[in-house]
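What follows is a single structure, written as structure tokens, with notes after it.
The values are calculated or read from the model by the stated rules, or taken from the named source; none is laboratory data. Remember, predicted model here, so these are calculated numbers, not experimental data. Here the Cβ positions follow ideal geometry from the backbone for every residue, glycine too, while neighbour counts run over all protein chains shown.
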Amino acid sequence: MTGALVGIPQPEPLGQPAPTALLWVLLLVLFFLHLVAMNMMLGGSIIGAVARVRGRAQGRPHHLALAAWFAAALPVLIATAVTLGVAALLFLQVLYGRLFFASAVLIGWLWFAVIPALIVSYGLAYRLAFRKRRPGSADPVLAWAVACGLVAIAFVYVNNMSLLIRPERFVPMFAAGARSFHLNLADPTFVPRLLHVLLGAMAVAGLGVAHIGLERERRDAPFGRWAMRHGSQWFAVATSVNLLAGIWWLAALPSDTVLRFMGRNAGAALALAGGVVFGLASLVMMTLAVQAKRPAGIIRGASAALVLALALMALTRDQVRTAALESAGVLPASWVAPQWGLIALFALLLVAAMVLIGGMVRALLRGAPPAGREVGAEASKAS
């Protein structure tokens with residue numbers, strides 16, 4: 001598919017600020033960190049919105065308590081996901097900028113719309129956080145507005161990232177209309193990839209709910225036990241369906257890419273196999289945790305397995321991109337002009353940011369969601 005090269009710019013005349021291997025490692029590390037935060041943000045917005053609706057029924061105070069926790073946590077989760085996402089995006093632009101900007105230009109106004117959609121979602125999340133102890137009729141609407149805004153952003157991002165690795169489509173799309181507003185919906189991988197993102201987010205956020213239960217069990221045993229079971233259920237159901245979406249995505253990939261995972265490339269095959277194995281292990285453990293009397297150890301084991309699965313799936317995703325671009329004849333720039341001072345400064349700031357984020361995560365997990373009876377009483381007054 002060397003004809004695809006006609007549709008993309010030539011490599012930048014400026015040298016890369018660091019060796020390609022280092023930039024690649026930083027991209028994967030930052031994308032993995034962004035993936036964890038993004039999944040908690042996106043999946044948490046959905047789980048929180050569902051909990052807020054279900055909590056309006058009598059006898060479900062724990063749902064309201066969980067909705068209040070997510071209302072307080074979402075502004076922090078959005079800020080963390082965006083910060084880590086921007087960092088990962090910078091390295092993506094250094095390595096694949098000529099493809100990324102070409103696909104973004106084709107998407108055009110929808111890509112520009114990501115920023116206002118994010119600002120509105122962020123503002124509504126803060127509005128919901130300030131109302132968390134004053135439940136009212138507008139709260140479910142606000143919660144679902146935040147969730148829908150974040151899902152819309154995911155929709156646009158999946159369009160861009162799936163189009164980025166199909167440079168042979170750039171020229172036909174541009175010829176069909178030079179004013180942008182092109183979507184990659186015709187790509188057979190688009191729907192399973194989007195489903196994979198949404199279901200994976202709900203699974204990771206479900207595991208997060210289980211960890212909230214772990215932290216709260218000693219201080220509020222009824223809520224803690226409920227949260228562990230409830231989060232385990234979200235994880236088990238979402239992951240089970242996601243296995244089907246993953247198989248669909250793999251089957252929809254070009255044959256050359258599929259062969260890469262079937263043994264043509266040992267690293268790609270091991271990454272995919274390891275991700276599947278650890279993903280299945282976490283699914284089995286979280287399914288057991290739903291009915292276990294003391295699920296704490298099982299949940300911790302599932303968390304370790306999921307971290308490994310996410311890391312290996314990030315490598316698998318990178319292999320999909322590498323295979324597609326190699327097939328199209330696109331190679332990274334070879335000219336390197338290292339800027340080690342800036343790289344060292346970035347490393348120091350990254351370490352400081354991770355320490356700060358770690359502190360925020362611990363504070364969120366240990367923070368006490370409103371007691372179920374307290375939130376239930378306030379809901380009754382508001383209604």
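Over 18 Å from the mean Cα position of the chain (by Cα) and buried (at least 16 other Cβ atoms within 10 Å of the Cβ): which single residue out of Leu199, Leu150, Leu195, Leu124 fits that description?
Working: Leu199 fails: over 18 Å from the mean Cα position of the chain (by Cα); Leu150 fails: over 18 Å from the mean Cα position of the chain (by Cα); Leu195 fails: over 18 Å from the mean Cα position of the chain (by Cα).
Result of the check over Leu199, Leu150, Leu195, Leu124: Leu124.
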Could you list, ordered by first residue, the pairs with Cβ atoms under 9 Å in which the first is in segment 276-297 and surrounded by fewer than 21 Cβ atoms within 10 Å (Cβ to Cβ) and the second is assigned to a loop (DSSP other than H, G, I, E, B) and not β-branched (Val, Ile, Thr), at least 6 apart or interchain? Leu288/Pro295; Ala296/Glu217
Could you tell me which residue of segment 188-209 is farthest from Trp234 (Cα to Cα), considering only residues that are in contact (Cβ under 8 Å) with a residue 40 or more places away in the chain and either part of a loop (DSSP other than H, G, I, E, B) or of a type in the set (Phe, Trp, Tyr) (or both)? Pro188
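Conditions (1) in contact with an Asp or Glu (Cβ under 8 Å, 6 or more places away or on another chain); (2) more than 25 Å from Leu27 (Cβ to Cβ); (3) in the same structural domain as Ala333 (by TED's automatic domain parsing); (4) among the β-branched types (Val, Ile, Thr), marked per residue:
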| site | (1), (2), (3), (4) |
| --- | --- |
| Thr80 | no, no, no, yes |
| Gly85 | no, no, no, no |
| Leu89 | no, no, no, no |
| Leu99 | no, no, no, no |
| Leu106 | no, no, no, no |
| Leu118 | no, no, no, no |
| Leu128 | yes, yes, no, no |
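Inside segment 212-252, can you point out the residues that are among the basic types (Lys, Arg) and either crowded, with 24+ Cβ neighbours inside 10 Å or in contact with a Phe, Trp or Tyr (Cβ under 8 Å, 6 or more places away or on another chain) (or both)?
Scanning segment 212-252 gives a single hit, Arg216.
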Being in a helix (DSSP H, G or I) and within 15 Å of Leu183 (Cα to Cα) is the filter here, so list the residues in segment 76-109 that pass it. Phe100, Phe101, Ala102, Ser103, Ala104, Val105, Leu106, Ile107, Trp109
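Table: residues versus (1) assigned by TED's automatic domain parsing to the domain that holds Phe155; (2) of a type in the set (A, V, I, L, M); (3) at pLDDT below 90; (4) more than 30 Å from Val158 (Cβ to Cβ).
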{"residue": "Ala205", "(1), (2), (3), (4)": "no, yes, no, no"}
{"residue": "His211", "(1), (2), (3), (4)": "no, no, no, no"}
{"residue": "Arg216", "(1), (2), (3), (4)": "no, no, yes, yes"}
{"residue": "Pro222", "(1), (2), (3), (4)": "no, no, no, yes"}
{"residue": "Arg225", "(1), (2), (3), (4)": "no, no, no, yes"}
{"residue": "Arg229", "(1), (2), (3), (4)": "no, no, no, yes"}
{"residue": "Ala236", "(1), (2), (3), (4)": "no, yes, no, no"}
{"residue": "Thr239", "(1), (2), (3), (4)": "no, no, no, no"}
The lone exception for Val209 - which of (1) under 21 Å from Ala81 (Cβ atoms); (2) surrounded by fewer than 24 Cβ atoms within 10 Å (Cβ to Cβ) it fails: (2)
Of the residues that sit in segment 239-274 and are more than 23 Å from Glu326 (Cα to Cα) and among the small types (Gly, Ala, Ser), which one is farthest from the chain's Cα centre (by Cα)? Gly274
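Of these, Leu42, Leu35, Leu27, which one is farther than 22 Å from Ile212 by Cβ, assigned to a helix (DSSP H, G or I) and touching a residue at least 24 places away in the same chain (Cβ under 8 Å)? Quick ask: steps written out before the conclusion?
Values: Leu42 fails: farther than 22 Å from Ile212 by Cβ; Leu35 fails: farther than 22 Å from Ile212 by Cβ.
Of Leu42, Leu35, Leu27, the one residue that is farther than 22 Å from Ile212 by Cβ, assigned to a helix (DSSP H, G or I) and touching a residue at least 24 places away in the same chain (Cβ under 8 Å) is Leu27.
Give segment 253-266 a look and list any residue that's surrounded by 14 or more Cβ atoms within 10 Å (Cβ to Cβ) and either of a type in the set (D, E, K, R) or part of a helix (DSSP H, G or I) (or both), or say none. Steps first, answer last, please.
Step one: list which residues in segment 253-266 are surrounded by 14 or more Cβ atoms within 10 Å (Cβ to Cβ), which gives 253-254, 257-261, 265.
Within segment 253-266, Thr257, Val258, Leu259, Arg260, Phe261 qualify.
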Segment 251-275: number of residues that are out of contact with any Asp or Glu (no Cβ under 9 Å at 6 or more places or on another chain), free of Cβ contacts under 8 Å to residues at least 40 places away in the same chain and not aliphatic (A, V, I, L, M): 3
If you go through Phe174, Phe130, Phe170, Phe181, the only one that is surrounded by fewer than 16 Cβ atoms within 10 Å (Cβ to Cβ), within 30 Å of Ala251 (Cβ to Cβ) and of a type in the set (Phe, Trp, Tyr) is Phe181
Could you tell me whether segment 336-354 includes any residue that is of a type in the set (A, V, I, L, M) and modelled with pLDDT under 85? no
What's the number of the only condition in (1) modelled with pLDDT under 95; (2) under 25 Å from Ile78 (Cβ atoms); (3) of a type outside the set (Ser, Thr, Tyr) that Phe181 fails to meet? (2)
